[in-house]
1. Determine whether region 227-244 contains at least one residue that is modelled with pLDDT under 90, surrounded by 14 or more Cβ atoms within 10 Å (Cβ to Cβ) and farther than 16 Å from ILE152 by Cα.
2. On the given criteria, is ASP36 in the same structural domain as ASN109 (by TED's automatic domain parsing) and under 17 Å from PRO161 (Cβ atoms)?
3. Can you tell me which of SER266, SER249, SER254 is assigned to a helix (DSSP H, G or I), surrounded by 15 or more Cβ atoms within 10 Å (Cβ to Cβ) and modelled with pLDDT under 95?
4. Among the residues of region 8-26, are any of a type in the set (D, E, K, R) and either crowded, with 21+ Cβ neighbours inside 10 Å or under 18 Å from SER85 (Cα atoms) (or both)?
5. Scan region 158-180 and tell me whether some residue there is small (Gly, Ala, Ser) and at pLDDT below 95.
6. Within region 1-44, how many residues turn out to be in a strand (DSSP E or B), of a type in the set (Ser, Thr, Tyr) and more than 21 Å from LEU68 (Cα to Cα)?
7. So, LEU190, is that one surrounded by fewer than 17 Cβ atoms within 10 Å (Cβ to Cβ), assigned to a helix (DSSP H, G or I) and under 15 Å from the mean Cα position of the chain (by Cα) or not?
Amino acid sequence: MIVIPVSIIISTYKGSEAKYLDESLKSLAEQSYIADEIILVVDGEIDEQQQSVISKFKYKGNFKVYYLRENHGLAYCMNLAIQYSSNNILARMDADDLSNRTRLEEQYNKLISLEDKNYVVCSWASDFSDDHYDLSSVKKTPENDSQIKKAIPYRNVIVHPSIMFYKKITDDYGGYNETVGLLEDYELHLRLMNSGVKYYCIQKPLIKVRISHEQYGRRGGFKYLINEYKFRTFCYRKRYIKLYQFILSCVLYSFLRLSPVKLRKSMYKLVRES
């Protein structure tokens, strides 16, 4: 067994399913390369089922749990996990997703092979449903830095639970923005790229992302569109994106968010795989 100096940061809350958390943590425990630290932040109260799962892993030497009395949101939890991490390399994970067995091995070897420590390494992701049915859909991210930076002003092409990076990056440029709602990962990548951080994507799925049947329905509607406008206005004012990128993305997302669910689902799949 090869143990690597990597801290995996992950959080859970009362809305998470105990079964999914168990599967997620198990996928980390069965890696070909084992991270010597897994930091789980529990965001407020959770049910007994989740606590039972945590107790099962709690006695592993690399597993650390931090409990919050109240719910603070994902961005807060990730910043806390980064603060508590003891390694120079961090990897993200979500409580309902799965890491392929060689994920850490491939990402770690790629990251340390890069002379420049100002890099984030990510991968593609394959989708699967709540019942583990393979949806035969893969979110593909361009490979090199210039391609990724060309695409990201219009949509978040980074599979966030797949990222691995040096802690120095968040020390230098800041962690997750706790004021942008559910778009904290998108804001982070735009800010880092705007600050000169480089990205590389391994051209195959190293994680599996759980997609619920209701998810596409939640990603639409007038309220969702207004939040999209607010976020892109924020990004334009911060100069993460240019004026023409702001206008074009607002037009495209107006159509996407207000489209019927079936059409929206088809468009998501088309864009993700392109």
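The values are calculated or read from the model by the stated rules, or taken from the named source; none is laboratory data. Only a predicted model underlies this, so the values are computations on that prediction, with no experimental measurement involved. Backbone-built Cβ (ideal geometry, glycine too); neighbour counts: all protein chains shown.
1. For region 227-244, residues modelled with pLDDT under 90, surrounded by 14 or more Cβ atoms within 10 Å (Cβ to Cβ) and farther than 16 Å from ILE152 by Cα: present.
2. On the way: in the same structural domain as ASN109 (by TED's automatic domain parsing): yes; under 17 Å from PRO161 (Cβ atoms): no.
So ASP36 fails the test.
3. None of the other options fit; the residue is SER249.
4. Quick first cut of region 8-26, residues of a type in the set (D, E, K, R) only: 14, 17, 19, 22-23, 26.
Pick out the ones that are also either crowded, with 21+ Cβ neighbours inside 10 Å or under 18 Å from SER85 (Cα atoms) (or both) and you get none.
No: zero hits.
5. Of the residues in region 158-180, the ones small (Gly, Ala, Ser) are 162, 174-175.
When the remaining residues are screened for being at pLDDT below 95, the result is none.
No: zero hits.
6. Applying the first criterion (in a strand (DSSP E or B)) to region 1-44 yields 2-12, 33-43.
Remaining after also requiring of a type in the set (Ser, Thr, Tyr): 7, 11-12, 33.
Subset that is more than 21 Å from LEU68 (Cα to Cα): 33.
Summing the residues that are in a strand (DSSP E or B), of a type in the set (Ser, Thr, Tyr) and more than 21 Å from LEU68 (Cα to Cα) in region 1-44 gives 1.
7. On the way: surrounded by fewer than 17 Cβ atoms within 10 Å (Cβ to Cβ): no; assigned to a helix (DSSP H, G or I): yes; under 15 Å from the mean Cα position of the chain (by Cα): yes.
Judged against the criteria, LEU190 is not a match.
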